[in-house]
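Take a look at the structure set out below.
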Amino acid sequence: MKKKLSILLTLALTTSLMLGCSEDTEKVELPESNQIVQNKNLNKSTDINVVANDPIEKILAEMSIEEKIGQMTMIGIHGYEVNESNTNDDIIYSLKNFGFGGVILYTRNIENREQVKKLVSQLQKNKLNKNVPLFIAIDEEGGKVSRLKQIENEVAPAQEIIGNSGDTSWAKEWAIKTAKKIKFLGINTNFAPVADVGSPDTRSFSNNAQITSEFVDSAAQGYEEEKIIYCLKHFPGIGKRITDPHQEISNIDVSRETLEKEDLIPFKYIIKNHSSDKFMIMVSHLKYPSIDPDNAATLSYEVMSNLLRKELGFDGIIITDDLEMGAISNHNTFKEVGVKAVKAGADILLVCHEYSHEQDVYNGLLAAVKSGEISEERINESVRRILKVKLDNLKE
């Protein structure tokens with residue numbers, strides 16, 4: 001790790017940063033000259049001594065605002081390989097012109113092991129910022145939520161089955177197995193384990209908060225042992241949902257006391273007992289009237305900034321659930337939704353399917369910063385968290 005950081009420092013000190021899908025065909029706004037422009041001047045608020053001695057601050061100071069916003073956006077892609085047609089609906093175009101900092105893979109990207117390894121390698125090679133690795137993520141929970149089941153002979157059982165066994169070590173064992181499989185493919189982030197209590201499907205370990213906490217903790221240990229970034233979802237808990245947020249927004253109509261005694265317990269436990277640079281927390285699209293009667297959790301300052309950050313003390317990466325889900329996209333434009341989420345406290349905006357939507361989210365956030373609606377220092381807060389996780393955990 002020390003050797004890796006040394007290499008990164010050398011690159012940051014001696015090399016300039018490299019310049020930089022859908023039926024929707026509306027015009028996409030691109031950064032200046034169709035490429036992200038390097039910011040050669042340090043931020044006025046940045047102490048030059050801090051920059052010189054901190055690799056994160058050094059990289060941050062060299063980034064343009066366009067690059068920073070790219071780091072805050074994770075996208076889905078189409079196809080089994082990297083293509084380059086210089087149009088706004090291909091992978092290279094997205095990486096080079098928008099500098100997206102992460103990619104999530106779906107079954108539509110997975111044909112066989114060697115193909116996935118090649119795809120991931122190509123993605124990393126074509127990232128805009130050569131000093132900062134991409135998050136390459138996947139939903140590999142086990143059970144029915146497995147993107148690798150078409151290429152793996154054996155995938156993890158559903159979390160409910162593992163939880164019903166009563167053996168917490170089984171959760172760690174499967175986390176290690178899963179981590180090894182995705183690491184072999186070059187994937188460095190798993191959007192698991194599910195930390196919801198008593199989900200109406202098979203995705204929760206238990207309907208008991210304490211038991212859920214113990215199994216989630218065991219899984220977290222397994223991912224950390226294999227140095228895979230994991231993600232607790234879906235804060236502050238969707239176990240009591242009735243409506244599927246993929247389709248529409250709905251309320252979790254329980255008291256704050258009930259949330260404290262049940263749904264929040266697994267999240268609190270991991271935040272208290274694990275380093276915040278080892279995992280992300282994904283926030284749900286449902287509404288929790290006892291916390292915020294007006295906004296979905298993904299767009300709620302009360303949920304993300306007050307509850308998760310200030311009250312629970314989480315200083316790691318907060319990522320939204322897919323902003324294309326009906327619960328959010330039915331009520332917001334893509335150009336405005338990323339702005340709302342960042343103002344509420346999100347660090348990474350997840351947009352999983354259409355290139356035009358991904359670019360709209362990026363362009364909306366960029367416009368908000370350029371207009372002064374969101375300060376660059378607010379953007380810097382998120383990018384620092386992202387850089388810390390990447391530099392501490394990701395090896396290429």
TODO: May I ask you to list pairs of residues, at least six apart or on different chains, whose Cβ atoms are under 9 Å apart, with the first in segment 60-79 being over 28 Å from Glu111 (Cα atoms) and the second being basic (Lys, Arg)?
DONE: Leu60/Lys68; Leu60/Arg384; Glu62/Lys40; Ile65/Lys370
Task: Meets criteria (aliphatic (A, V, I, L, M) and part of a helix (DSSP H, G or I)) for Leu349 - done: no
Open item on the list: Anything in segment 159-209 that is within 15 Å of Phe279 (Cβ to Cβ) and of a type in the set (Lys, Arg)? List them, or say none.
Closed with: Lys172
- [ ] Can you tell me which residue within segment 370-396, out of those that are crowded, with 20+ Cβ neighbours inside 10 Å, within 24 Å of Val303 (Cβ to Cβ) and hydrophobic (A, V, I, L, M, F, W, C), is nearest to the chain's Cα centre (by Cα)?
- [x] Ile386
Task: Any chance Phe184 is closer than 25 Å to Ser121 by Cα and modelled with pLDDT of 95 or more - done: yes
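Pull up segment 291-315, narrow it to residues that are buried (at least 24 other Cβ atoms within 10 Å of the Cβ) and of a type in the set (Gly, Ala, Ser), then point me to the one that is farthest from His274 (Cα to Cα).
Let us first name the residues in segment 291-315 that are buried (at least 24 other Cβ atoms within 10 Å of the Cβ), namely 296-300, 303-304, 307-308.
Filter again for of a type in the set (Gly, Ala, Ser), leaving 296-297, 300.
Values: Ala296: 27, Ala297: 23, Ser300: 25 Å.
If we take residues in segment 291-315 being buried (at least 24 other Cβ atoms within 10 Å of the Cβ) and of a type in the set (Gly, Ala, Ser), then Ala296 is farthest from His274 (Cα to Cα).
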TODO: Take the residues in segment 163-181 that are out of contact with any helix residue (DSSP H, G or I) (no Cβ under 7 Å at 6 or more places or on another chain) and under 13 Å from Ile228 (Cα atoms), then tell me which one is surrounded by the fewest Cβ atoms within 10 Å (Cβ to Cβ).
DONE: Lys180
Open item on the list: Any residue in segment 322-338 that is more than 15 Å from Ile348 (Cα to Cα) sitting within a Cβ distance under 6 Å of a residue that is assigned to a loop (DSSP other than H, G, I, E, B) and at pLDDT 90 or above? List the pairs, counting only those 6 or more apart or interchain.
Closed with: Met325/His285; Ala327/His285; Ile328/His285
Open item on the list: Just the residues that are more than 15 Å from His78 (Cβ to Cβ) and of a type in the set (A, V, I, L, M), please, taken from segment 121-149.
Closed with: Leu128, Val132, Leu134, Ile136, Ala137, Ile138, Val145, Leu148
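In the list Leu286, Leu312, which residue meets the criterion of being more than 15 Å from the chain's Cα centre (by Cα) and within 29 Å of Leu105 (Cα to Cα)? Show your work before the answer.
Working: Leu312 fails: within 29 Å of Leu105 (Cα to Cα).
Of Leu286, Leu312, the one residue that is more than 15 Å from the chain's Cα centre (by Cα) and within 29 Å of Leu105 (Cα to Cα) is Leu286.
Residues that are within 21 Å of Val155 (Cα to Cα): list the strands (runs of 3 or more DSSP E) wholly contained in segment 77-144 that include at least 3 such residues. Break it down into steps so the answer makes sense when it comes.
Values: elements: 102-105, 135-138, 140-142.
Per the criteria, 135-138, 140-142.
If a residue counts only when it is β-branched (Val, Ile, Thr), which helices (runs of 4 or more DSSP H) contained entirely in segment 237-335 have at least 2 such residues?
Working: elements: 256-261, 265-273, 326-329.
Per the criteria, 265-273.
Just to be sure I understand, how many residues within segment 251-294 are among the hydroxyl-bearing types (Ser, Thr, Tyr) and in contact with a Pro (Cβ under 9 Å, 6 or more places away or on another chain)?
2
The values are calculated or read from the model by the stated rules, or taken from the named source; none is laboratory data. Keep in mind that what you see is a predicted model, and the values were worked out from it rather than measured. All Cβ positions, even for glycine, are placed from backbone atoms using ideal geometry, and neighbour counts span all protein chains on display.
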